[in-house]
Each structure stands twice: as C-alpha cells, then as structure tokens.
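Only the coordinates and a few stated rules stand behind these numbers; no lab work does. Note that the coordinates shown come from a computational prediction; the quantities given were computed from them, not determined experimentally. Quick reminder, even Gly has a Cβ in these numbers, built from the backbone with ideal geometry, and neighbours come from all protein chains shown.
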Amino acid sequence: MRYVLSLILTLVLSGGAAPQRADTARTPKAAQAWNAKSITWEDIDADGTKYALLEGHRDVPGEAFTYAFFIPAGYHEHHWHSADARVAVIQGALKVNFGETLDLEHMTTYPVGSFLLVPANMKHTMTADVDTIIIGTAVGPWATHHHGEHQHH
C-alpha cells in the first residue's frame with residue numbers, strides 16, 4: 001500500500017508522467033534495413049563463411065533476433081537448429097536438402113526472393129554453387145548443431 005501511495009504522489013508531483021525504473025526501461029527500436037552490400041560481418045571463419053547478428057540477442061529466451069550468413073561457393077554443411085529459422089535468400093542461390101544425413105545429390109535450389117521456414121531440430125544439408133547470403137530470424141535461445149564435417153571445396 002505504501003508503494004501505491006508513493007506512486008500516486010509521484011504522479012501528482014510530476015504532472016502525470018509515470019516514473020520509469022531502469023530495469024524495465026527499454027530503448028525504442030529504430031527502423032533498420034539491410035541488403036547484401038550493407039551487412040557488417042562480425043565473424044569471418046577460415047572456411048569462408050561469415051556471420052553477423054543484425055539485431056536482437058540470440059541467447060534471450062523468447063526474444064526474436066535477426067542474423068545474416070554468407071555461404072561461399074562450394075561450401076556445404078549438415079546441421080540443425082534449436083529453434084525455427086525463417087530465412088530469406090538475398091544474394092546467390094541457397095541449395096538445401098532436408099534429411100538425416102549429408103546429401104549433396106538431392107538438393108533443391110532457392111534463388112534470390114525465396115523464403116524458407118526451417119522447423120526446429122529439422123536436419124538439413126546446406127550448400128551453394130555461387131556466393132550466397134541469407135538473412136534469417138529466429139527466437140532465442142539459439143544454437144546450431146553440426147553433424148559431421150562442414151567444409152569448403
């Protein structure tokens with residue numbers, strides 16, 4: 001009850017503006033846009049792949065985030081994710097096969113303009129014949145699990 005009285009008194013004395021507690025105050029989001037040329041890559045791996053976290057946090061339960069991934073021509077890997085991934089192809093052409101093992105023989109090609117929903121824990125092979133960039137969104141916490149080798153030819 002003392003808190004309620006204090007809150008009312010604060011509202012009256014501050015002209016009606018509610019007090020903001022530091023732990024619940026959030027910075028308003030700014031409008032953002034990305035394309036294949038404007039991405040600032042944060043992690044560049046020796047195998048030629050690149051990763052950037054564009055917005056949000058990968059490790060916060062229930063929080064959405066957006067990431068970009070660069071797949072160099074000839075690279076392939078078999079993996080799955082801990083949460084649903086929604087992926088748009090913005091450069092090149094992503095090749096995917098859904099299945100339990102690495103399979104480069106039965107790939108479906110998704111050119112620029114394609115959008116994929118990859119359900120959580122769905123194992124898939126990913127490759128590209130040309131340098132390819134995808135932008136994806138998912139909800140944390142996020143992990144990618146690799147099965148066997150991932151490599152660049």
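Assorted remarks:
- In this structure, the amide hydrogen of TRP34, modeled 1.01 Å from its nitrogen in the peptide plane, lies closer than 5 angstrom to no residue at least 5 positions away or on a different chain.
- Amide proton proximity set for ALA83, modelled H, under 5 Å, gap of 5+: ASN121, ALA143
- You can think of it this way: the chain between ASN35 and PHE115 has 27.3 nm of extra reach, that is 0.36 nm per residue less the Cα-Cα gap.
- Full-stretch length increase - HIS57, HIS147 - with 0.36 nm per residue and alpha-carbon distance subtracted: 29.9 nm
- Here each label is just a point 7 Å from Cα along the line to Cβ, and for ALA73 and THR108 those points are 2.6 nm apart.
- A straight Cα-to-Cα reach below 16 Å connects LYS50 with the lysines LYS37, residues fewer than 8 places away in its own chain not being considered.
- Local electrostatic count at LYS37 - Lys and Arg +1, Asp and Glu -1, tallied over other residues with Cβ under 14 Å: 0
- Among THR132, THR101, THR144, sorting on how many other beta-carbon atoms sit within 10 Å of each Cβ, with the fewest leading, yields THR101, THR144, THR132.
- Taking the Cα centre of the range 40-152 as reference, the dipole from Cβ charges on Lys and Arg (+1) and Asp and Glu (-1) amounts to some 280 debye.
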